[in-house]
Amino acid sequence: MERRAFLKSVMMNDYDLKLLGFIVALQGSLLAVAVAVFNQLNASRARKLNILAYLDSRDKTIREWATDVVKEIDAAIALCEIDPRMREGGSVFNDRLKLKQNLSTLTDVGRWFFPNDSPEKYGTDKELAYKGLRPRVLDPIVASYRFVSTINYEDGDKNHGIRRDLIGEKKQFVSEVQIALDPRRRADARRAL
């Protein structure tokens, strides 16, 4: 008899079975929703991380290019400090020519990262990369090229003003690159993840 009472106590009626089924189904549904939300949040975070990785890669390339520009402007500044009479025949002239070549190349490479503005309005007769208005970040390189072109390779005393101008262009360039890369914004974006 005792066994029968025990079995009766553990057996469920239809209502209890339906209620248990509903609770199990509800738990399963809630778990599925929670997993879907978790996966969506992870996918969103993964997309953001992929975008940041792409921007980091792009910015790394721009930083390498900008480093080359700064090195060339620094070399031009140093060339202004040299007394050409103390160097062997024509070496200041040759150094000036090499700096002009490098600055010209770096200007064109910079166009890959910073295309001209308003190409449909200005310079429409030019090649694609040269149509429009040159971006501000490239202006100090072009100005440095022009200053290097005026370095006196016979009398170094005439280069002090050019040296000051080149220092100003370098500062302007570094500031423009910092604006373009916006390292503070990138740090804030990383912290937000």
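All of the numbers you see were taken from the coordinates with simple rules; none came from a lab. Keep in mind that this is a model prediction, so the values were computed, not measured. Cβ coordinates were reconstructed from backbone atoms using ideal geometry, including for glycine residues, and neighbour counts include every protein chain displayed.
Brief remarks on what is shown
- Karplus 3J(HN,Hα) series, Hz, for the stretch 23-28 with 6.51 cos²θ - 1.76 cosθ + 1.60 (x for Gly, Pro): 5, 5, 5, 5, 4, x
- Backbone phi angles across the stretch 106-114, fed through the Karplus curve with coefficients 6.51, -1.76 and 1.60 (θ = phi - 60°), yield HN-Hα couplings of 5, 5, 5, 4, x, 5, 5, 8, 10 Hz in residue order; Gly and Pro are listed as x.
- Extension gain, Asp83 back to Ser175 (0.36 nm per residue minus Cα-Cα distance, nm): 30.1 nm
- Part-to-part distance (alpha-carbon centres) for the stretch 48-65 and the stretch 120-144, which is given in Å: 24
- The stretch 58-192, relative contact order in percent, only Cα pairs under 8 angstrom and at least six apart counted: 30
- With N counted as the residues of the chain, its alpha-carbon radius of gyration over 2.2 N^0.38 Å works out to 2.08.
- Amide H contacts for Gly123 (H built 1.01 Å from N in the peptide plane; partners 5 or more residues away or on another chain; cut-off under 5 Å): Gly132.
- Dipole magnitude of the stretch 133-193, debye to nearest 20 (Cβ charges: Lys/Arg +1, Asp/Glu -1, about Cα centre): 500
- Exposure rule at most 13 other beta-carbon atoms within 10 Å, DSSP loop trypsin sites (Lys or Arg not before Pro): the chain longest free segment: 1-120
- In a DSSP loop and with at most 15 other Cβ atoms within 10 Å, the GluC sites (Glu not before Pro) in the stretch 47-95 are Glu81, Glu88.
- Counting only Cβ charges, +1 for Lys and Arg and -1 for Asp and Glu, the dipole size of the stretch 58-192 around its Cα centre is about 600 debye.
- Under the combined filter of DSSP loop state and at most 16 neighbouring Cβ atoms within 10 Å, the stretch 68-173 retains these chymotrypsin sites (Phe, Trp or Tyr not before Pro): Tyr122.
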